Every structure is written in structure tokens, then in C-alpha cells.
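Read the structure below first, then the notes.
Values quoted throughout were computed directly from the atomic coordinates according to the rules given, and no laboratory measurement underlies them. Computed from a predicted model, the values in this text were never measured in an experiment. As a convention, Cβ positions derive from the backbone with ideal geometry for all residues, glycine included, and neighbour counts pool all protein chains shown.
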Amino acid sequence: MNRLASRTSRIDSSGIRRVFDLARSLKDPINLSIGQPDFDVPQEVKTAAHEAIDSGHNIYTPTQGLAALRENLIAGEKQFTGREWKENEMLVTSGVSGGLFLTLLALVEEGDEVIIPDPYFVMYKHLVRLFGGTPVYLDTYDTDFGIDPDRLASLITPKTKALLLNFPNNPTGRVIPRTALEDIAAVCRKHGLLVISDEIYRQFAYDGMTSMAEVYEDTLLLAGHSKSYGMTGWRLGYACGPADVISAMTMVQQYSFVCAPSVTQYAALACPQVDLSKNISDYRAKRDLMTGILGSHFRLAPPDGAFYLWAEAPEGESGTSFVEKAIANNLLVIPGAVFSERDTHFRICYTVPDDTLRKGAELLCKLAAS
């Protein structure tokens, strides 16, 4: 008898993690692979965390999250989207990844289908498979990484459970304009389809964005603090959505994560005091620096937000073969096949100092020309 559950064979080790492991074996590589900010947690938030620890706030919180934090988040959503979520429509989660885990575990059964635009964040298809579902890929390459509503409609079947969106997108950096979201909403409304909208990078939409929750009532919104406040290791996110889905997710959280980390929740109460504008401005400048250098050598997806560039490999090369060439030259980027059913692109992350960005960009251009 195999001691492992068969579901574990439906997923494999993350290609991103394999590159991270490789990074540890190289001597001082130019590392443009790691998708996390290079700025530290703001001092106001650190101070709040220390005060929470010293005050004894180290025990479980309610499964739904601290009442004060949920009020804080509901107010923030009202300001960002205009949507007034009710208390039973809000759940604090252990990061957006934890929220996604709860969402799909609460929704997906054997045989269910989840539509995922391709390219996609690496976790999506694996979680759908883990819970017995089938990822159905919506190709976006010939629509400039936007979503064709007719193509979306053609993929919907009686087995379709949800559409899983992510914008600003990891890996492409694409933001979906409001008019396009309204077209997507019309298709989903016609078919009674839930939209799961992962908006963890929303603060890094450099020219602003519309949330899916603004244009479509049956949206489950996932957002969080990890990227915008440099708190990736602190694991704090939240979900807003239909009360029945949030209730099911809360019950699943009760028997899994129990609650999001307590100290992190107390620390997050200080987040509204933080001015994010400099960090966002700095990352906009990094994006502009990279697109200015790389634009003449690579075709890039529209870099509307997040902190990634999605570059097409030079003619005659796959994404994987070009990344192997880069790694051989002590430069780490991620092959596109990690994020896609195609192997034509690679992902660049620009969350490193500017001098490192220049070195990496110039080396990429040199490799493309060789």
C-alpha cells in the first residue's frame, strides 16, 4: 500500500523553488527571480508588533480575525472599491495563499472545473488539482494578455465552478481595464459564475486599477499586506465575498490554520498610518529603468503593475533554454513554463537595487544578442 494520498501525485515541486535552491549554490548571482519586496516592514508596524508581544497578545484570535482589524479592512475596502462589505463577508487569512487554499477547498470537488487565464500564478493549477478539480486554461497570449470575453464564454461548461483572476498579474504585470472587467462580468453574470479575484499586488498598479468587486457582485476578493508592506513572512491576507462562501472558508480555517497569526493581526492595525507612496514610486522607477534597457531587445507584456516583467525569449529559443543560458552566466530569472502551458517567455523580478537591475538587464540584452 502506498502511504501517500493519491492527491499528492497531482502536484509537483514549484519551479520557482528549484531556482531559489539553485541560487544558494551559486556565488553572488544577479538574482532577478525572487518575487518579494526588498524594502523592510515599516517602523510603525514593527513597533505595533513589539507592543502586541509585550502586551501578551500571543494567543489565538477569533477564527474570523480580530474585530478591530476586520473593521479596519472593511473601511479600507470601502475607500478602495466603494464596496461596503458586511461583517459576515470578511475573513482574515494566513496570507493570500492561505485565503486561496481555503477558497478552493471550500468550493472545488472532484470533476469541477476552474477557468484560469494563462499565464497564471504557479499555485493556481496545483491547488485546483489537489482538491480534485480540473484547471481549464484561458489563453491570453494573442490578446496582449487581456481576456477575450467570447473565448471565456466558450470555456464555460456545466462543470465550471469559478473564474480565477489575478491582477496586477504575476507573472505578466498586466492590469485589466475597467471596460474589459465589465465585459468579463457580463459573461459571468449570464452564467452565474463566481469570480475569485486575487489582487495582492493592487497597491502596485502604477496607473491605478479597478477591482473586480467594483463591477461584479459575485466576486470573492483576495488581498493582503504581504507585498505592499514588505510583510511576506508575516502571513496576513483577507477575503471578502459572498456570505455563504466566507462562512464555509471560516469553518475550514477553524480546522486548519485556526486563525491568522495573532501578532501580525495586531501589527496590521498600524498599517493605515503608513505612507506607501515612496515605495510605490521607487518600484515604478525600477520598472521604467528595466523597460528602458530591455525594450529594444525583448518583447515585454504590458508592465502595468506588480513588480515583474514577462519577456519573450529570443527567436529560436524556448523560455527554458534561454533561462539556462542566463543561469550559466550567473543570472537568475524564472522560466515561463512555471507559469504557463507554453514555454516561450521568462519572468524577471525587479525588486533589487538599481545597480543590480542594470547589470542584470545589460547581461540579458547581451545574451539575447549572442
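Summary of values
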| item | result |
| --- | --- |
| Sequence-distant residues sharing a close amide H with THR351 (under 5 Å, placed H) | none |
| Residues whose placed amide H lies under 5 Å from that of ASN166, excluding near-sequence neighbours | ASP198 |
| Whichever lysines have a C-alpha closer than 21 Å to that of LYS161, once near sequence neighbours (fewer than 8 apart) are set aside | LYS125, LYS190 |
| For the chain, convex hull volume per residue from C-alpha positions, Å³ | 155 Å³ |
| For the range 87-93, Karplus couplings with θ = phi - 60° (6.51, -1.76, 1.60), whole Hz, Gly/Pro x | 4, 7, 10, 10, 9, 8, 10 |
| Those residues of the range 329-370 whose amide nitrogen sits under 17 Å from the label point placed on ASP148, 7 Å along Cα→Cβ | 341-342 |
| The chain - share of DSSP beta bridges that are antiparallel (%, nearest 5) | 45 percent |
| Set of lysines with alpha-carbon distance to LYS278 below 19 Å, sequence-local pairs under 8 removed | LYS46, LYS227, LYS286 |
| Residues with amide H under 5 Å from that of GLU113, placed H, sequence gap 5 or more | THR134, THR160, LYS161 |
| Of PRO303, PRO272, PRO119, the one that fluctuates the most in a GNM where the chain has Cα springs shorter than 10 Å | PRO272 |
| Rounded Å value of the spacing that divides the Cα centres of the range 297-370 and the range 234-292 | 28 Å |
| Helix-derived mean residue ellipticity, 222 nm - over the chain, DSSP H n ≥ 4, -39500 (n - 2.57), to 500 | -12000 deg cm²/dmol |
| Gain upon complete extension [THR157, GLU44; 0.36 nm per residue less C-alpha separation] | 35.8 nm |
| Extended-chain gain in nm, criterion 0.36 nm per residue less alpha-carbon gap, THR8 and GLN36 | 7.4 nm |
| Local electrostatic count at LYS46 - Lys and Arg +1, Asp and Glu -1, tallied over other residues with Cβ under 13 Å | -4 |
